[in-house]
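Accompanying notes for the structure given below.
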Amino acid sequence: MKRVLAGVLAASVLCGCATVRTLDAGKPGAPLVYAGTRLDMYVINGGCCPKDRFGAEAPAYPGLDLPGSMLLDTLLLPLSLLTAAGVGFNARGGL
């Protein structure tokens, strides 16, 4: 189990976590809730222009990044829901 977790973490770090990229994006109107997961799924399903939609480039290997992004998006869900609801604590995202 530790090896699998280490492998997922290493893959996320090496190819750039979509969740972290979307948090930095700051694109107005971009999705906030589960942004990294949605970015990975968008690219996996053949989406053409992730930068235009999410304000961030997709990771090189979105299939490998997906589990890590899902986990991080779930951990950040309370903050992203508050941000989407308009509660102002200066958090920004790409969803």
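Residue-wise test of (1) modelled with pLDDT under 90; (2) closer than 20 Å to Val4 by Cβ.
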site: Tyr34; (1), (2): no, no
site: Arg38; (1), (2): no, no
site: Ile44; (1), (2): no, no
site: Cys48; (1), (2): yes, no
site: Gly68; (1), (2): yes, yes
site: Asp73; (1), (2): no, yes
site: Ala85; (1), (2): yes, no
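Sub-6 Å Cβ pairs linking a first residue in the range 45-57 that is within 14 Å of Val20 (Cα to Cα) and without any contact (Cβ under 8 Å) to a residue 60 or more places away in the chain to a second residue that is among the aliphatic types (A, V, I, L, M) and in a loop (DSSP other than H, G, I, E, B), at least 6 apart or interchain, are Phe54/Ala30; Gly55/Ala30, ordered by first then second residue.
Within the range 16-41, being among the basic types (Lys, Arg) and either more than 16 Å from Thr83 (Cα to Cα) or part of a helix (DSSP H, G or I) (or both) holds for Arg21, Arg38.
Assessment of the range 2-13 against the conditions (modelled with pLDDT of 80 or more and either in contact with a Gly (Cβ under 7 Å, 6 or more places away or on another chain) or outside any helix (DSSP H, G or I) (or both)) yields no matching residue. Checked against (1) surrounded by 15 or more Cβ atoms within 10 Å (Cβ to Cβ); (2) at pLDDT 85 or above; (3) farther than 14 Å from Leu72 by Cα, Lys27 meets all criteria but (2).
Within the range 34-50, the residues that satisfy the criterion of being out of contact with any Lys or Arg (no Cβ under 8 Å at 6 or more places or on another chain) and surrounded by 16 or more Cβ atoms within 10 Å (Cβ to Cβ) are Tyr34, Ala35, Thr37, Arg38, Asp40, Met41, Val43, Pro50.
The values are calculated or read from the model by the stated rules, or taken from the named source; none is laboratory data. All figures in this text were calculated on a predicted structure; none of them were measured in a lab. Using ideal geometry, Cβ is built from the backbone for each residue, glycine included, and neighbour counts are taken over all protein chains shown.
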